[in-house]
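Data first, discussion second: the structure below is written as structure tokens.
The values are calculated or read from the model by the stated rules, or taken from the named source; none is laboratory data. Everything numeric here is computed off the predicted structure, so don't read it as measured data. In this analysis, Cβ positions are derived from the backbone assuming ideal geometry, glycine residues included, and neighbour counts consider all displayed protein chains.
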Amino acid sequence: MFLLGASVYYLLEILWRGHSHVSMFILGGFCGLMLYKLASLPYPVIFLACMGCVGITAAELVCGLLVNKVLKLHVWDYSDVPLNVLGQICPSYSFLWFVLSFMAITILQAFVLPYVTHT
């Protein structure tokens, strides 16, 4: 799940912005694990997608503060986007994370979790 999440996140960055950074690969892996765990919970998909959205947005904020502000790698900067938080996150991307979380959780519940054995 880590490698799948990392690869998808990195690929989305490439498709959206034309480039990415190794920090996004690592962040994507953690987000993939989080979505997998959320998908296994007995709550409505809409609630789980909201939790995914909040979790990914929070992870991006923490990662952005570390990578962009502390390490000064300048991987991204949303300072010019309305309602941004410290130039690291913004509402429009949070909405996209909701949509992607909804899709990912639905796919995980339908095609992955039914085939995973728990010991």
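Every residue, every condition in (1) under 30 Å from Ala110 (Cα atoms); (2) free of Cβ contacts under 8 Å to residues at least 40 places away in the same chain, yes or no:
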| site | (1), (2) |
| --- | --- |
| His19 | no, yes |
| Ser23 | yes, no |
| Leu33 | yes, yes |
| Leu38 | yes, no |
| Asp77 | no, yes |
Any residue that is within 17 Å of Leu12 (Cα to Cα) and more than 12 Å from the chain's Cα centre (by Cα) - is there at least one of those in segment 68-75? yes
With modelled with pLDDT under 95 and touching a helix residue (DSSP H, G or I) at 6+ places or on another chain (Cβ under 9 Å) as the only criterion, which of Tyr93, Tyr78, Tyr36 stands out? Tyr93
Got at least one residue in segment 77-89 being surrounded by 13 or more Cβ atoms within 10 Å (Cβ to Cβ) and within 20 Å of Leu35 (Cα to Cα)? yes
The lone condition Val85 fails out of (1) more than 17 Å from the chain's Cα centre (by Cα); (2) farther than 20 Å from Leu11 by Cβ is (1)
Note on segment 1-12: residues within 13 Å of Met34 (Cα to Cα), part of a helix (DSSP H, G or I) and of a type in the set (A, V, I, L, M) are Leu3, Leu4, Ala6
For Ser101, indicate whether it is under 22 Å from Ser23 (Cα atoms), at pLDDT 95 or above and among the hydroxyl-bearing types (Ser, Thr, Tyr). yes
Condition check for Ala59: hydrophobic (A, V, I, L, M, F, W, C), crowded, with 17+ Cβ neighbours inside 10 Å and touching a residue at least 40 places away in the same chain (Cβ under 8 Å): no
Which of the residues spanning segment 90-119 are part of a loop (DSSP other than H, G, I, E, B) and within 15 Å of Leu38 (Cα to Cα)? Val116
Within segment 13-44, can you find the residues that are surrounded by fewer than 16 Cβ atoms within 10 Å (Cβ to Cβ) and in a helix (DSSP H, G or I)? Ile14, Leu15, Trp16, Arg17, Val22, Leu33, Lys37
Quick check on segment 59-81: of everything there that is of a type in the set (A, V, I, L, M) and assigned to a loop (DSSP other than H, G, I, E, B), which residue is farthest from Pro91 (Cα to Cα)? Leu71
